[in-house]
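Take a look at the structure below.
The values are calculated or read from the model by the stated rules, or taken from the named source; none is laboratory data. Just so you know, these numbers come straight off a predicted model, no measurement behind them. Positions of Cβ are generated from backbone atoms using ideal geometry, with glycine treated the same way; all protein chains shown enter the neighbour counts.
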Amino acid sequence: MIETIIYDLGGVLIDWNPMYVFEKYFDRTEDRDYFFSNICTSAWNEEQDGGRTIAEGTQLLIEQFPEWEPAIRDYYGRWTEMIKGPIQESVDLLSAIRSNGQYRLYALTNWSAETFPHALQRFEFLSWFEGILVSGEEKTRKPFDDFYYKLLDKYAINKETAIFIDDNLRNVEAGNRLGIRSIQFTNAESLRKSLSEAGIRI
């Protein structure tokens, strides 16, 4: 029987995408592709999620790619524009689960400690969780084992009666490997079906 539901945030409940800023930022799509493949890469962004300061991460790239300085600075300078809003169907599903009153709700998110306060101010539904573990505050992140265990230990969560939802397959696989039943999020309808199959009453 599932007692605890653990949510990822970005890509599951919150629509965050750098393309909301950079889709038409550059004159040439080749420049945009180069920027994300070689400069502001996913690996670089994850270091900020893991606790490196935005200032340090930004300066590191400016020293390596000085000709790209304006775009590098705009990555975090215009970060709030990268959040389009809630993924409403998913938030509605979360609301239905919460209304049931039967499940403990937590969040485990890869997110910079410096930008997460913006999300807390903007999205009231984040207050629905009994606890949220933010990677930038904990100085570790998914898919590393210790980040999952930090959540389990801090809130006395039994992994055998928990279910974890994340849009990133790498993070889902890590959860499953640790013995936490994990679901890859693609859309709210599919998630509703998977949760129902797991015996969760909605």
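A few notes on this one:
- Criterion violated by ILE200 - all others in (1) in a helix (DSSP H, G or I); (2) over 16 Å from the mean Cα position of the chain (by Cα) satisfied: (1)
- Residue in the stretch 44-51 that is among the small types (Gly, Ala, Ser), within 14 Å of the chain's Cα centre (by Cα) and closer than 27 Å to MET1 by Cα present: no
Table: residues versus (1) at pLDDT below 95; (2) more than 16 Å from ILE6 (Cβ to Cβ); (3) in contact with an Asp or Glu (Cβ under 9 Å, 6 or more places away or on another chain); (4) among the aromatic types (Phe, Trp, Tyr).
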position: PRO143; (1), (2), (3), (4): no, no, yes, no
position: TYR148; (1), (2), (3), (4): no, no, no, yes
position: LEU152; (1), (2), (3), (4): no, no, no, no
position: LYS159; (1), (2), (3), (4): no, no, no, no
position: SER182; (1), (2), (3), (4): no, no, yes, no
position: THR186; (1), (2), (3), (4): no, yes, yes, no
position: ILE202; (1), (2), (3), (4): yes, yes, no, no
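- Test result for ALA113, over 30 Å from SER196 (Cβ atoms), of a type in the set (A, V, I, L, M) and not assigned by TED's automatic domain parsing to the domain that holds PHE144: no
- Residues in the stretch 24-37 that are touching a residue at least 12 places away in the same chain (Cβ under 8 Å) and part of a helix (DSSP H, G or I): PHE35, PHE36.
- Among the residues making up the stretch 124-141, those that are farther than 19 Å from ILE5 by Cα and not charged (D, E, K, R) are GLY136, THR140.
- Positions within the stretch 1-23 being over 21 Å from ILE165 (Cβ atoms) and either assigned to a helix (DSSP H, G or I) or in contact with a Leu (Cβ under 7 Å, 6 or more places away or on another chain) (or both), in sequence order: MET19, TYR20, VAL21, PHE22
- Looking only at the stretch 184-193, and only at residues there that are part of a helix (DSSP H, G or I) and surrounded by fewer than 16 Cβ atoms within 10 Å (Cβ to Cβ), the one that is farthest from the chain's Cα centre (by Cα): LYS193
- Helices (runs of 4 or more DSSP H) contained in the stretch 83-183 and holding at least 2 residues among the aromatic types (Phe, Trp, Tyr) and either touching a residue at least 40 places away in the same chain (Cβ under 8 Å) or crowded, with 18+ Cβ neighbours inside 10 Å (or both): 145-154
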